[in-house]
1. Compute the Cα gyration tensor for region 134-292, then decide on rounded, prolate or oblate, letting a ≥ b ≥ c be the square roots of its eigenvalues: rounded whenever a/c is under 1.5, prolate when a/b is larger than b/c in the other cases, and oblate in all that remain.
2. Kindly report, to the nearest 10 Å², the accessible surface of LEU280 as traced by a 1.4 Å probe over protein heavy atoms only.
3. Once neighbouring chains are kept in place and the probe is 1.4 Å, which whole percent of the accessible area of region 152-292 is contributed by carbon and sulfur?
4. What is the percent of Cα-Cα separations in region 135-223 that go past 23 Å?
5. Extension gain LEU172-ILE278, at 0.36 nm per residue separation less the Cα-Cα distance, in nm?
6. Return one whole number: the accessible area per residue of region 178-236 in Å², for a 1.4 Å probe.
7. For a distance above 22 Å, tell me the whole-number percent of Cα pairs in region 113-186 that qualify.
8. Starting from the Cα-Cα distance between TRP247 and LEU127, subtract it from 0.36 nm times their residue separation and give me the gain in nm to one decimal.
Amino acid sequence: MAGFRNGRGRDNRPPQGQPQQAPYGYNAAPPPPARQQWPQQGQGQPPYGQQGAPQGGQRPYGEPEYFGDPYGQQQHPHAVTANNPGHTQMFSVDDPYGPATDHHAGAAPVPTGPRLHWKALLSGIVLRPADTFLRTRDHAVWGPALIVTFLYGLLAIFGFDTAREEAIDATLSTAIPYVLMTALGFVVGGLILGAVTHTLARQLGGDGAWQPTVGLSMLIMSITDAPRLVFALFLGGENGLVQVIGWLTWLAAGALFTVMVSRSHDLPWPKALGASAIQLVALLSLIKLGTL
């Protein structure tokens, strides 16, 4: 009966939902952790794994946790819904070569294509110079350059009146070495003048290779003077028509040199013309003025 009076009877259990008090002298046990109530589907919250992004620039909606911003950097207001269905995130692709209006040496690599055949090379210098020089800026043209310049040197001696008379009056054993040495002299001179043009182009900011520049300069020197040489073989170097043709072909050589240096070294035409100025003056002094 005392137990019933003291409230320790059969129904002395604490009410449900309240922790049981420990006896005197014992530490109270911590309360059990409360069960997390997960929302049901369709009650306004996404299921597990699709929680929305918290405030402060955290990971976007539906993105795994390891893609979140670990530093809590501030994002654009639309970043939270950027990749949600019905939203498209705008992006831009940076041009590694800069705007189209910027032009400077070495700004972008130029697709040159395969090496041109020697026939296409020789005809392209006359008919399609800009495209030809652009396609050959990374290819050496030693074969056509040496052969064409050597053949030009064999005939160039007959374009000078005095030299032609000496070669004709000389014996065959004397004329052959004389003609060969003249041809070799034109080849060496073309190499030196082409190297000077390449060096000046690099000093002015060009980025082209020396082998195409030297080889193409030799071809330009030989091809542009061929019309004058053909008339000089029959009319003589002092003929008025030959002199006019010589000046016109010299101007054509200046235009071709300018285009070649501009395409080969990626330079504007004033600098390209300045780089080829020494070679033009040398050709004028040694070849054109020598026939006047």
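1. Because a/c hits 1.5 or more and a/b exceeds b/c, region 134-292 counts as prolate.
2. About 20 Å², rounded to the nearest 10.
3. Of all accessible area on region 152-292, carbon and sulfur atoms account for 74 percent.
4. In whole percent, the long-distance tail amounts to 33.
5. 34.5 nm
6. For region 178-236, the solvent-accessible area averages 41 Å² per residue.
7. Beyond 22 Å sits 41 percent of the P(r) for region 113-186.
8. Gain on stretching TRP247 to LEU127: 41.2 nm.
The values are calculated or read from the model by the stated rules, or taken from the named source; none is laboratory data. Bear in mind the structure is a predicted one, so any value in this text is a computation, not a measurement. Note: accessible area is taken over every heavy atom of the protein model, side chains too, but ligands, DNA and RNA are not part of it. Shrake-Rupley method; radii C 1.70, N 1.55, O 1.52, S 1.80 Å.
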